[in-house]
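The values are calculated or read from the model by the stated rules, or taken from the named source; none is laboratory data. Just so it is clear, the model here is predicted, and its values are computed rather than measured. Every residue, glycine among them, receives a Cβ derived from its backbone with ideal geometry; neighbour counts consider all protein chains shown.
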Ligand code: AHR
């Protein structure tokens, strides 16, 4: 008897506990309806770098700049202990679409992507959104709806193009026949650098862009395209705007092969500010380089962790950049990291 009473009281306590109820009702209800117990959701534990899983879709390895960017991302992930799934798209948009779908299947916390081109992405960003995976653009954005990504970290390509034009004006006294080595067609830096460059030059009738062609941001194509420009226009070319250093270095080689002095007979301005550009400025073959910062790893993972924890981040995070000239290139080269 004693035992069964104890059992009954224990059963009652258990019932009360499981019903989340702290008090006995004063009167028993007339009809007992089945009730659903709603347990308040326990707050999601905050992620740390050590339990953050990030998928990153990189464009490829087309330039020294890109290599430095990849190293920065991989090194920072290793330093912080982030689980990074890194996929190299070898300059192919289809590979990047596949990478995003792989990251969705892997249920990563955040996706980072440097978009090879701006358009032609179909539904893939919506798919990531539907799966609840935030997207961060790093370096290059895609032309998608604002609600399909959380933030864009990278350079102001338009301003880089404007700065290249401002420098070119000074170098040429506002009189030049310019050839332009454009980056990857339809990529954000190619589109915006071209636009910014023209925006500044439009007020200067002496500054003529006599030819413009894509060198795909690679040295090999820069060399090839500059050779064809020289074949076509010969000594009438007085200036080159190379939308990255690698193409500029290819152009320098083509000009030397043609028997002219790069940096003297033909003024050259490029973009990126990689180590080899400094060496070229020291050698007198390059006149200026407009910085585009590839060391985005630290800022990227800081944003990724915030985003994974649902914290608000700015829609646009610009990198801080400069312009470099030959006069102090030797000193600055000592401190360059890429
Ligand atoms: O998106 C940044 C550009 O891509 C860099 O200027 C170029 O060198 C790289 O390949």
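Here are some residues: 185, 135. Which one is more than 26 Å from residue 295 (Cβ to Cβ) and either within 15 Å of the chain's Cα centre (by Cα) or within 16 Å of the ligand (Cβ to nearest atom) (or both)?
Numbers: 135 fails: more than 26 Å from residue 295 (Cβ to Cβ).
One residue alone meets the criteria, 185.
Suppose we filter 57, 72 for residues that are in contact with a strand residue (DSSP E or B) (Cβ under 7 Å, 6 or more places away or on another chain) and modelled with pLDDT of 60 or more; which single one remains?
Values: 72 fails: in contact with a strand residue (DSSP E or B) (Cβ under 7 Å, 6 or more places away or on another chain).
Checking each option against the conditions leaves just 57.
Are there any strands (runs of 3 or more DSSP E) wholly within segment 171-254 with 3 or more residues that are farther than 28 Å from residue 338 by Cβ and touching a helix residue (DSSP H, G or I) at 6+ places or on another chain (Cβ under 9 Å), and if so which?
207-214
Let's see how each residue does on (1) more than 21 Å from residue 173 (Cα to Cα); (2) in contact with a strand residue (DSSP E or B) (Cβ under 8 Å, 6 or more places away or on another chain):
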residue	(1), (2)
241	no, yes
255	yes, yes
261	no, no
267	no, yes
275	yes, no
304	yes, yes
312	yes, no
328	yes, no
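Among what's in segment 111-128 and is over 12 Å from residue 56 (Cα atoms) and in contact with a strand residue (DSSP E or B) (Cβ under 8 Å, 6 or more places away or on another chain), pick the residue that is farthest from the ligand (Cβ to nearest atom). Show your work before the answer.
Within segment 111-128, the first condition is being over 12 Å from residue 56 (Cα atoms), and the residues that meet it are 116-128.
Remaining after also requiring in contact with a strand residue (DSSP E or B) (Cβ under 8 Å, 6 or more places away or on another chain): 125, 128.
Working: 125: 19, 128: 21 Å.
Among residues in segment 111-128 that are over 12 Å from residue 56 (Cα atoms) and in contact with a strand residue (DSSP E or B) (Cβ under 8 Å, 6 or more places away or on another chain), the one farthest from the ligand (Cβ to nearest atom) is 128.
Quick one: which of 268, 320 is in contact (Cβ under 8 Å) with a residue 24 or more places away in the chain and under 17 Å from the mean Cα position of the chain (by Cα)?
Values: 268 fails: under 17 Å from the mean Cα position of the chain (by Cα).
From the options 268, 320, the qualifying one is 320.
Take residue 161 and decide whether it is modelled with pLDDT of 95 or more, assigned to a loop (DSSP other than H, G, I, E, B) and farther than 15 Å from residue 99 by Cβ. Before the answer, list the steps.
On the way: modelled with pLDDT of 95 or more: yes; assigned to a loop (DSSP other than H, G, I, E, B): no; farther than 15 Å from residue 99 by Cβ: yes.
Criteria not met by residue 161.
Report yes if some residue within segment 248-265 is closer than 29 Å to residue 141 by Cα and surrounded by fewer than 21 Cβ atoms within 10 Å (Cβ to Cβ); otherwise report no. Step through it out loud before you land on a result.
Start the filter on segment 248-265 by keeping residues that are closer than 29 Å to residue 141 by Cα, which leaves 248-251.
Remaining after also requiring surrounded by fewer than 21 Cβ atoms within 10 Å (Cβ to Cβ): none.
So far as segment 248-265 goes, no, none of its residues is closer than 29 Å to residue 141 by Cα and surrounded by fewer than 21 Cβ atoms within 10 Å (Cβ to Cβ).
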